[in-house]
Structure formats: C-alpha cells, structure tokens
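The structure appears below as structure tokens.
Computed from the coordinates by the stated procedures, all read-outs in this text should not be read as laboratory data. Being a predicted model, the structure only gives us computed values, none of them experimental. Cβ placement follows ideal geometry from the backbone for every residue including glycine, while neighbour counts extend to all protein chains displayed.
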Amino acid sequence: MRSSTRNRKQTRKFVRALAAMAILALALTEAGASPFAARASAVQAAPGAALPLVQVAAAADLQFAMPDLVEQFRKKNIAQLQVTYGSSGNFFSQLQNGAPFDVFFSADLEYAKKLDGAGLAEPGTLCEYAVGRLVLWARADSAVDVAKDGWKTLLDPRVERVAVANPEHAPYGKAALAALHGAGIYEQVKNKLVYGENISQTAQFVQSGNAQVGLVALSLAVSPAMKDGRSWEVPAGAYPPIEQGAVVLRSAKDKVSARAFLDFVQSAAGRETLKKYGFSFPASAK
Amino acid sequence: MAPLWLSMELAVTVAALLLVIGVPVAYWLAFSGWRFKFLLEAVVALPLVLPPTVLGFYALVAMGPHGPLGKLWQAAFGHGLAFTFAGLVLASIFYSFPFAVQPLMGSFEAVDRRLLNASAVLGASPWRTFCSVILPLSLPGVVTAAVLCFAHTLGEFGAVLMVGGNLPGITRTASIAIYDRVQALEYGEANRMALVLLVISFSVLSLVYAVNRRARRSLWTPWAAK
C-alpha cells in the first residue's frame, strides 16, 4: 500500500518535472529557432519546388559567401540547393562512408584530392575554387591595434592569448603556424597560443574576448559579427597558400545540376562574390 | 597517454567537488516542502537535454573578460578562466551536475521517513540525523553519484572543446585528443586511445556496480536482522 502511494507520488513528481522541462524546451526552441535554422542550412523552397535537389557540403569558412552564391544560383532555376556547413575533415570522413552530399567544397584542397584519388569524385570535377586569406583580428574595444602594429601586436604583454586553428588538421591553423615561423616570432608567441578545433571556433575565442588576438580567416572577419573589429591581413607570401578544393561526388544523384553549381562558383560572377567575402584565387586559374 | 591522465585528473576533481556541492542541493530537493521545487528540479536536469556545445559556448562567454565569471576570476587571480584547468573543472561541474544530484536525491528520498521521525523523537538534530541515518543508508546513491560524475566527465567532449583551447597538459583531454587524431586521419592512434578510455570506463563502472551491490547487502542485512 505504502509503496504504491509513494510510487504514485514519484510518478506525479516525474510527470511534473517532465512537463516543466518540455515547456522550457519549447520556449528555448521558440527563441532560438530562427538564427539556428538560418545557420544550419540555406534551404530554398517555393519557386523551384519541382527542381532537382543538390546537397552541398561546405567548409565553415564559406558560411557567409555561400548564401550569396546560392541566392544568385537560385535565379537560374537549375536546381534547389541545400547547404550544410562543417569541418572539411569531418565531411571527408563522412563522404568516405557514404554521406549523401552531391558537391563538396573543402577548405583544404588535399581532402578533395584524396576523394578524387579514392575514386569517390566524379572524374574531371576536381578544382581549386578559391584561396583563403589569413588575418590578425582583434575586437574593436581591444587595447592593442593590430591594424597598426601587425605582428608586433603578438609580442605586446597585454596579449596573453593568441587563438589559432588547430595546425594539425585545420588549413588556417597550418597557415598560421607557418606565418608565425616565417615572421620569426613563433618561439616568443608559442606559450600564448590556444587552439580552436576549426576556424569558426578560433574566431569565437577572440570574439568572446577570451583570447586578445586571433589568426582567423578573412572570410570570417568580414562577417556581420566580426566586421567591426580591427584586422591586419597577413601578407600572402608569408605562408603557403590556403588552397580550397571542390569536387562533385560520384554518388551525386543529379550530376548535371551539381556540376552546374560548381561551374557557377568558378564563373566570373561566382568569383566576384567569393572575392567580396574575403577569398582570392589561384594564380594558375586567372 | 598524457591526455588520459589529464582526463582522469579532471574527472576525479569534478567528482569530488560535485559530491561536496551536490549533497546539500540534493538534501534540500529531497526534503524541502516548497511547492515550486519542481522548477528547480527541472533546472538541475537541464544539462541532460542541452547540447554540450551550447553549454560550452555560454560557459565560454561567461568566462570571457566581459562575462560575470570571467570578471570575478580576473579580479581574484589576475588571469582569465577560459583555457585553464580551473575553467574546465567549472564547465564540467555544470555539465555533470544532474549526474550528482539525481542519484543522491533519489537515495535520500528512499530513506524510510519513520526512521527520520524516530531519530528526531530521540532528540537528534537534523545534522546528526543526516550524518548517522540518511547518509549511511544512502551510501549506494553517493557511490553512484560519484562514479557517474567521474565517468561522465571522463567522456566529456563538447564543453571541453568549447572552453579548453586544446592545450597539451592543461586542457587537451582524452576525448579531445582522440577527436584530434581522427581529424588528422590518424585512425590507428585514435583507436588505441579510444580503447584505453573504453577499458577504463568499463572497469570503473563495473567496479562500482559490484561494490554498490555488496554495500547494499552489508548495509541492509544486519539492520534488517536486528
């Protein structure tokens, strides 16, 4: 008897807690829905509903340029695009294991080359669509002026932490370390370095003020959240070029549409857009 | 293997601190008669449903020079909280909080109220009742809480990723190191570390379930026999 009352009491308590959690969760999704949805993917609906769907996997440094490219491509009425942003390394592992993407824009040409080498890419589609640019970035309210002092900023004692992307696998991280070595200040700076898992997280470290300066992608520094900060572009010759490669996947359902989008990104209009969002281009393909 | 040691160190620290913080919170939740208590229970359970990266992101913002925690810490210790071991401990405490409070609360609530009444009637203070009646009877819950916190922190990824900065020996824990190796396509090294982590977690968990079982028997049997 007694235990059954207790059970009932506990059940009631559990249900109450659950209800409270559900209401909270609802409130949270309601509040967070629009920004999260906008970041996760750019789905296009209505006008081209009958058009084939092309699933695009894009490196995190493309998250501001890509929506613009997608919008321009939409007007051509060739296909609907659905874009997912993430780390190129993750996409690479997922694509090797059959992820359902049709086009892959990697931040690192190597991943695209490896997919091509493994026979997972549509022959002849491997291309270098852009070159990433590296900047030193600090918040507008920062005590140091990266725009004026460049590399010297990093030696300032007020700069306790310098954020870079992981140099072992993130292309901007590799470039950042190469540039620090090239500038001859790596030894002085190495104890200040903190490592972001990818370039977006690196930018978060600086933007949240936890690191005073960061070596981030110009394509992120021009974003709405960061464009008010101060930045100094690392001279292109100071690090090996951040070559970004793309492929159409062999498993793509609609290869013609997928190729059309890749061609568009490499067209004059596509390049103009990429340039606006902080990319440059390989010397060979000009 | 250094990241594994760091993870163990973090897990032990967090589990110990969470017991200290969790016991009073669980005691209050178990015995308070406040009618809106369920709201606090829900708050305690929130880290179970929130994605760790979300938790980690807000922890990062809170720890920054513009956040409340960051300001306090800066004033007290003269340096920021993110990218330090203390920062990881703090983020992990939030992240594993329900794993401490829920088992403790469950076992406190399961103590027969007649024993508590008897203890009070015999003149014991609430503190004494807690120490000599509730706590001994709740030992399995305490052990479960400690172990769950330990194991959960050992496997923690998202929150550590967000506030850690991947510094070898300071914030590069086992799960981060494994992720790193996978990202660098060094699957062999990742597999080795994952295996060690798996073996440690499995051993700890089975040890606890074994001890817990014996503790329950040795605690309950003599008491029931008398």
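When the alpha-carbon atoms of segment B:79-169 are used, the pair Rg, Dmax equals 18.3, 57 angstrom. Taking segment A:91-130 and a reference point 7 angstrom along Cα→Cβ of residue A:51, the backbone N atoms nearer than 18 Å belong to A:102-104.
Of the residues B:28, B:127, B:73, the one that moves most in a GNM of chain B with alpha-carbon contacts below 10 Å is B:127.
Build a GNM of chain B with springs between Cα atoms under 10 Å apart, and of B:70, B:158, B:33 the one that fluctuates most is B:33. Based on the convex hull around the alpha carbon atoms, segment B:97-226 presents an average projected area of 10.2 nm².
Among beta bridges from DSSP that stay inside segment A:134-233, the antiparallel ones total about 55%.
Computed over chain B with a Gaussian network model linking Cα atoms closer than 10 Å, the most mobile of B:23, B:211, B:142 is B:211.
The label-point distance for residue B:110 and residue B:74, in a model that sets each label 7 Å from Cα toward Cβ, rounds to 4.7 nm. The three principal axes of the C-alpha atoms in chain B carry coordinate ranges of 63, 41, 29 Å, sorted with the longest axis first. The amide H of residue A:107, built 1.01 Å from its N in the peptide plane, has A:59, A:88 as neighbours under 5 Å, considering only residues 5 or more places off or on other chains.
Scalar couplings 3J(HN,Hα) for segment B:139-145, obtained by applying the Karplus form with A = 6.51, B = -1.76, C = 1.60 to θ = phi - 60°, are 3, x, x, 5, 4, 4, 4 Hz; x denotes Gly and Pro. Shape annotation for the protein assembly as shown: C-alpha extents along the principal axes are 91, 58, 42 Å, from largest to smallest. Using C-alpha pairs under 8 Å with a sequence gap of at least 6, the mean separation divided by the residue count of chain B gives a relative contact order of 30 percent. Calculated from the alpha-carbon coordinates, segment A:134-233 shows an Rg and a Dmax of 11.7, 34 Å respectively. Taking amide H as placed 1.01 Å from N in the peptide plane, residue A:249 has its amide H under 5 Å from the amide H of A:103, A:104, A:122, each at least 5 places away in sequence or on another chain.
Inter-chain neighbour count for A:165-172: the average number of beta-carbon atoms from partner chains within 10 Å of each residue's beta-carbon is 3.
DSSP finds beta bridges in the protein assembly as shown, and of those with both partners inside it, around 55 percent are antiparallel. Legend: mean number of C-beta atoms from other chains within 10 angstrom of residue C-beta atoms, peptide A:153-161, equals 1. Taking label points 7 Å from Cα along the Cα-to-Cβ direction, residue B:202 and residue B:36 give a separation of 4.8 nm. What the phi angles of segment A:174-188 give under the Karplus curve with 6.51, -1.76 and 1.60, with θ = phi - 60°, is a coupling list of 4, 5, 4, 5, 4, 5, 5, 4, x, 7, x, 10, 4, 4, 6 Hz, glycine and proline written as x.
Students often get this wrong, so check it: of A:190/A:275; A:190/A:227; A:253/A:275; A:75/A:275; A:227/A:276; A:114/A:275, which have C-alpha atoms separated by over 24 Å? List each step's numbers first, then the result.
Values: A:190/A:275 32 Å; A:190/A:227 27 Å; A:253/A:275 30 Å; A:75/A:275 20 Å; A:227/A:276 13 Å; A:114/A:275 26 Å.
With Cα atoms farther than 24 Å apart: A:190/A:275; A:190/A:227; A:253/A:275; A:114/A:275.
Given labels modelled 7 Å from the Cα in the Cβ direction, how far is it in nm from residue B:157 to residue A:76? For residue B:157 paired with residue A:76, the spin-label model returns 3.7 nm.
What the Cβ-Cβ distance of residue A:276 and residue A:160 gives, at R0 = 41 Å and to the nearest 0.05, is a FRET efficiency of 0.75. Dipole magnitude for segment A:134-233: computed about the Cα centre from +1 point charges on Lys and Arg Cβ and -1 point charges on Asp and Glu Cβ, it is near 60 debye. Taking the Cα of residue A:250, stepping 7 Å toward and past its beta carbon, and measuring to each backbone N in segment A:116-131: which are under 15 Å? Once the point is set 7 Å along Cα→Cβ of residue A:250, A:116-126 turn out to lie under 15 Å by backbone N, inside segment A:116-131.
For the peptide A:187-193, the mean number of other protein chain Cβ atoms found within 10 angstrom of a residue's Cβ is 1.
How large is the translational diffusion coefficient of segment A:173-286 in µm² per second when you combine the Kirkwood radius over alpha carbon pairs with Stokes-Einstein at 4 °C and 1.567 mPa s? After rounding, the answer is 79 µm²/s.
Rounded if a/c is under 1.5, else prolate if a/b is larger than b/c, else oblate: which is segment A:217-262, with a ≥ b ≥ c the root eigenvalues of its Cα gyration tensor?
Oblate shape, in that a/c is at least 1.5 and b/c is the bigger or equal ratio.
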